[in-house]
Every structure is written in C-alpha cells, then in structure tokens.
Amino acid sequence: MQKLHSKQQQWMPVLFLAPAVILFVVYVIFPILQSIWLSFYEWDGIGEKTFVGFRNYIELFDDYQFWVALKNNLYWMVFFMLAPPIGLGIALFLNQKIMGIRLVKSMFFFPFVISQVVVGLVFSWFYDPSFGLFNKALGLFGMEPVAVLSDENWVTFGIIVAGLWPQIAYCMILYLTGLNNLNPDQIEAARLDGAHGWKMLRHVILPQLRPATFIAVVVTVIGALRSFDLVATMTSGGPFGTSSVLAYFMYEQSIFNYRAGYGAAIATVLFLIMDIYIAYFLWRMLKSEKA
Amino acid sequence: MFPTPIEKRSLPFNLSYRVAVWIALILWLLPLVAVMLTSARSTADINAGNYWGIPSEWMLFENYALVFTETPMVRYLLNSILITLPAVLGAVALSTLAGYALAKFKFRGNIALFAAFIAGNFVPFQILMIPVRDLTIGMGLYDTASGLILFHIAFQTGFCTLFMRNFIVGLPDELIEAARVEGVSEWQIFWHIVLPLVRPALAALSVLIFTFIWNDYFWALVLVQSDEVRPITAGISALKGQWMASWQLIAAGSVIAALPPVILFFAMQRHFIAGLTLGATKG
C-alpha cells in the first residue's frame, strides 16, 4: 500500500467503495438500527406506532412461546455441534486416492447445494408415519411407528437431523480441503516416531486442521441460530408451536399476527445472541489480519 | 497423507474399502434417491403407499410434463433465473470494487469498514425483515423481481467484499505501484491490471452466491407474494399446499428446483470449493 499523490486520486477509494457501502448501509446497517428502535413500539405493521418502552420485552420474557423457541434454538446449537466431528469423520473416510473418489466426494456434498425447502420436503416423507422409510425401519426392529413431526417430544430433533444433513456435508468439504493441505513432512516425522491412528489424529492432524475447525464451528453455530427454512417447510413451528425457533417465532408474530413491534423485539434478542459469535469471529479474523 | 493410503493396506482391506465407499454414498443420498424415484411414480403407486420401492410403472416423462403444463413451475423456474443472475452480477461487481479499495488503499476507517461488512454478513435475517419489507413497499418494489434483486445484491455484498478483499490483498503491490508511477489512472489500473488477476476469484464467488441466492426461501416469502414473481423455492412450497396428495408432482418439482445449483456445482466444482473454503486455510 502507498500514499496517493494527486488530490483527485485520493478520492478513488471512496468512489470504489461508494456503491457497495451505500447499498449495505441502506439494506443492512440502517434496518438493524430501525428494528431495535421498533422493538420499543407497539405496531401492527401498517397503522400508527405507539411508544411502549420496554413493554414488548417484558411481555416477551413472560411469553411461554418465547422460552420454547429459545430452548429449541439451544437444542439446535447443541446438536448441530455434531456436524463438525461427523464431517471430519466422513472426510477422513473419503480421503483416499481410489478410482472414482472425486465423484464420490462431490456427491457427498450434494445436500449442501440443494435448497433447504427440498431438504425439508424430503425429510417430511422420510418421517411420514404411514409410509415413511423411518417408520418402516422402526418396524423392522419391531418398534411402534412414531409420527416424528407431530410428536411434541420428537419434532425438534427430527428437524435438526434434517438440518444436520447439509451441515455435515459443509463441514466435510472444509475438512477435506484441510486434509489436502496438511504438511507431509510433519506427518512423516510423526510416523517415524511411531505415532499412528488416534494419537496421530489428536496430536499431529487436528492441530493442523485448526483453521478448518474454526470456520466449521462458526458456520455451524450461525446456521443453528439462523434455522428457519426447515422449520417453516416441515412443521410451520407446530404442533402447537413446539418446534418453533426464534427466527420462525419472529416471522409468525410479525406476518401472521400483525405484531411488528413485538416481532422486532424477538429479532433484537436473536441479534444480541448472535452478536456474541459475530464478535468472536471478528476478533479472530482481525487478529490473524494483524499477525 | 492421513489416514494411511489404502494402497499400503492388505488386499482384502483395500477391496472392502472400495465397496464400503459406494455403499456409504448410497445410504447418504438415500433421501434424494427416494425423491427421484417418486418423481417417476404413477398415482396408483402413490395411493398404494409405494414410496420407497421401485415404481411399478415408470411415469417419468408424464409426471414432468404434467408439472410443466399443469403448474406454474416454468414461471417459477424463469423467475428464479431472472432474480438470481442479476443479483449475482450486481453483488460480484460491487464487491470487487469495494474489495479492491479495502485491500490496496490506506485510509482511516479501512479496518472498521471491513469489519462491518463481515459482521453484516452474519446477522439474522429477522433483524432486517420489517424495515427491508417497509423499504421495499415504500419504493413500490414489493412483489417485484427488482425488490428481491436489490436486497440480495446489498446483503451478499457483505460476504463478497470479505471474499474479494482477502483475495486482492494477496496480489503483489509492485504491479499496481509500477502502473501508478507510470501515471496510469486508478480506474485504468483497476480495469486493466486488477480485474484480469482476480478472474479465478470472480468465478468462485459467482458459483457460490448463485446457490445462496437460488436457494433463498425467507426473502422470497417476505418480499414477494404472487406466482408471477415467486422464485422456485417459494413456488414448491406453495405447490405443496395445492397438490397435497400428488407427491409425485411435488417430487418432480423438487428435482427441477435442485437441478440448476447441482449442475452448476458439478460444472464448476473446483471454483465452488475454493470459494467455500476461502479463509479456512488461514484465520
């Protein structure tokens, strides 16, 4: 980088940045502030706004549905954390040079490329109580059929499993790339020292895969908190709101119940939770930038 | 290489591995296989509950013909294309300019601006929903392709700028500086020196955000409501309501919706993965 000489040229970065910054401010930065501001108002989305202070938040913390959605988001985060290790497992399994392996690897990645709406439809069939493969499999083991998507106790886990499918594929690709870039000298040295199998993985391979693990964990957490498409297509939050998550709860309140102010309060809470991870990611990213 | 290359193992181990890989693949993709088979089933099969076996008669052509003639699927498909292509083009263009400025110019607030783009890319959609919907309605763009396109360009610019900036940072400064000493204007430098060098990154980025935008469902629900504008994700979901019992048609629709990103991924696999894992090699 260097200083620019002529006055006119000093304006160039501004011109280069202007279109992107303007759009980004109008569609992302400003709406965030507006939503937070709106969360202090009672508003049906069309008519007058009435300032209500913290009343939306007080109501929210008293709302049983809010706690159900929050709890489900927690389940999503906890069980979504299975995606990085399973993705790593599949990547290790596929990291060989046999004929056709490139095709296999890319086909393993399919679930990530297709729309979550399609994934949701596919898994709805899979779980169908009368003809779904899931219940046929249960039947083979002599178990009673379970209507996963209409059972309050199972529904969220059923949706999470559907969400894991593409998420595992994503983590797998991150790790396959990481395994490709391993330092062969270190592995050879460790092999000469008698390291192999689990020990090798833990002490030599995993430390080298740390950048991949970092990205995998961040995108998985963000994915868990963002979950909306699958809930919307598979259950619409049902039965009786038991599979709702904050993202869907917010959408439901604002669009179907005409409670935009209340919806904005839910969105603000979700945004604050997400900020923890965004801040962590930024901190790591900028730290490596300075190094 | 880790794990140990399979060639170094015993022959039986080697052979069983080669078989296991394909079995694992079939199990992994079983749900998709089922959808593809279902899209070729007859109504009789559906009514008889034959969802997972081999279709008793193959209705592949008939089912897809029916989807294309009896449902607005062609319209949805066209809408998705008309929304996705301009949005990809717009986001990539804006972010290449912005990424270049962030990577190669020193100015106050550079890092802060970069951080804002990264952070914005991770925010939950719901925090943007109500204001963006109002803004779109206010501009008279509700239920138009332009409304969706504008939003997608703006939102994807966050991720794209992060991506382009990190790529351009790696380009040698000497080239740019030499041109400056020669008195080449900044715009000429961008157009004739930087742009040709970032071509691989442009390809990677375009493929990646094509699938992001193509698969978007949330904004299609929030900013659009009529069949004339609805992209295929929201279209399938609407069809599901109307064609409840005709699973073979929903399945065919799902296959059609999934095909473009899958084909693009296959055609440009290397680029796609390069795009996805950028930052995974550092950070």
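The values are calculated or read from the model by the stated rules, or taken from the named source; none is laboratory data. Predicted, not measured: the structure shown is a model, and the values here were computed from it. Neighbour counts are summed over all protein chains in view; Cβ atoms, including those assigned to glycine, are modelled from backbone coordinates with ideal geometry. Heavy atoms of the whole protein, side chains included, go into the accessibility calculation; ligands, DNA and RNA do not. Shrake-Rupley method; radii C 1.70, N 1.55, O 1.52, S 1.80 Å.
Some points to look at:
- The sole residue among A:ALA162, A:ALA137, A:ALA169 that is assigned to a helix (DSSP H, G or I), under 30 Å from the mean Cα position of the chain (by Cα), surrounded by fewer than 16 Cβ atoms within 10 Å (Cβ to Cβ) and of a type in the set (A, V, I, L, M, F, W, C) is A:ALA137.
- Selection within the range A:218-265 - more than 10 Å from chain B (Cβ to nearest Cβ) and among the acidic types (Asp, Glu): A:GLU252
- Hits in the range A:108-134 - residues which are crowded, with 17+ Cβ neighbours inside 10 Å and among the small types (Gly, Ala, Ser): A:SER115, A:GLY120, A:SER124, A:GLY132
- Output for the range B:87-115, where each listed residue is surrounded by fewer than 17 Cβ atoms within 10 Å (Cβ to Cβ) and either in a helix (DSSP H, G or I) or more than 7 Å from chain A (Cβ to nearest Cβ) (or both): B:LEU89, B:ALA93, B:ARG108, B:GLY109, B:ILE111, B:ALA112
- Residue check for A:ALA91: within 12 Å of chain B (Cβ to nearest Cβ), out of contact with any strand residue (DSSP E or B) (no Cβ under 8 Å at 6 or more places or on another chain), farther than 30 Å from B:ILE23 by Cα and in a helix (DSSP H, G or I): no
- For the range A:10-67, filtering for residues that are more than 11 Å from every other protein chain (Cβ to nearest Cβ), open to solvent by 70 Å² or more (accessible area, probe 1.4 Å) and aromatic (Phe, Trp, Tyr) leaves 5.
- Of the residues making up the range B:235-244, those that are without any contact (Cβ under 8 Å) to a residue 40 or more places away in the chain and within 8 Å of chain A (Cβ to nearest Cβ) are B:SER237, B:LYS240.
- Within the range B:267-279, the set of residues being within 7 Å of chain A (Cβ to nearest Cβ) and either modelled with pLDDT of 70 or more or crowded, with 21+ Cβ neighbours inside 10 Å (or both) comprises B:GLN269, B:ILE273, B:LEU276, B:THR277.
- Scanning the range B:222-235 for any residue that is in a loop (DSSP other than H, G, I, E, B), modelled with pLDDT of 90 or more and within 16 Å of the chain's Cα centre (by Cα) turns up at least one such residue.
- Of all residues in the range B:192-204, at least one satisfies being more than 21 Å from B:ASP143 (Cβ to Cβ) and within 11 Å of chain A (Cβ to nearest Cβ).
- Listed by first and then second residue, the pairs linking a residue in the range B:211-228 that is open to solvent by 30 Å² or more (accessible area, probe 1.4 Å) to a residue that is of a type in the set (Asp, Glu), with Cβ atoms under 8 Å apart and 6 or more places separating them unless they lie on different chains, are B:GLN225/B:ASP143.
- Some residue of the range B:26-38 being in contact with an Asp or Glu (Cβ under 9 Å, 6 or more places away or on another chain), part of a helix (DSSP H, G or I) and open to solvent by 10 Å² or more (accessible area, probe 1.4 Å): no
- Under the condition of being open to solvent by 20 Å² or more (accessible area, probe 1.4 Å) and in a loop (DSSP other than H, G, I, E, B), the residues counted in the range B:60-86 number 1.
- Qualifying residues in the range A:1-56 (those that are part of a helix (DSSP H, G or I) and charged (D, E, K, R)) - the one modelled with the highest pLDDT: A:ARG55
- Filter result for B:VAL21 (touching a residue at least 40 places away in the same chain (Cβ under 8 Å), part of a helix (DSSP H, G or I) and either over 30 Å from A:GLY197 (Cβ atoms) or not small (Gly, Ala, Ser) (or both)): no
- Every residue from the range B:139-165 that is over 22 Å from B:PRO231 (Cβ atoms) and either in contact with a His (Cβ under 6 Å, 6 or more places away or on another chain) or more than 9 Å from chain A (Cβ to nearest Cβ) (or both): B:PHE163, B:MET164, B:ARG165
Table: residues versus (1) aromatic (Phe, Trp, Tyr); (2) surrounded by fewer than 24 Cβ atoms within 10 Å (Cβ to Cβ); (3) assigned to a loop (DSSP other than H, G, I, E, B); (4) not assigned by TED's automatic domain parsing to the domain that holds B:VAL92.
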position: B:ALA119; (1), (2), (3), (4): no, yes, no, no
position: B:VAL132; (1), (2), (3), (4): no, no, no, no
position: B:LEU135; (1), (2), (3), (4): no, yes, no, no
position: B:LEU141; (1), (2), (3), (4): no, yes, yes, no
position: B:PHE151; (1), (2), (3), (4): yes, no, no, no
position: B:THR157; (1), (2), (3), (4): no, no, no, no
position: B:THR161; (1), (2), (3), (4): no, no, no, no
position: B:LEU171; (1), (2), (3), (4): no, yes, yes, no
position: B:GLU177; (1), (2), (3), (4): no, yes, no, no
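- Scanning the range A:104-134 for residues that are outside any loop (DSSP other than H, G, I, E, B) and either over 22 Å from B:PHE13 (Cβ atoms) or acidic (Asp, Glu) (or both) yields a total of 20.
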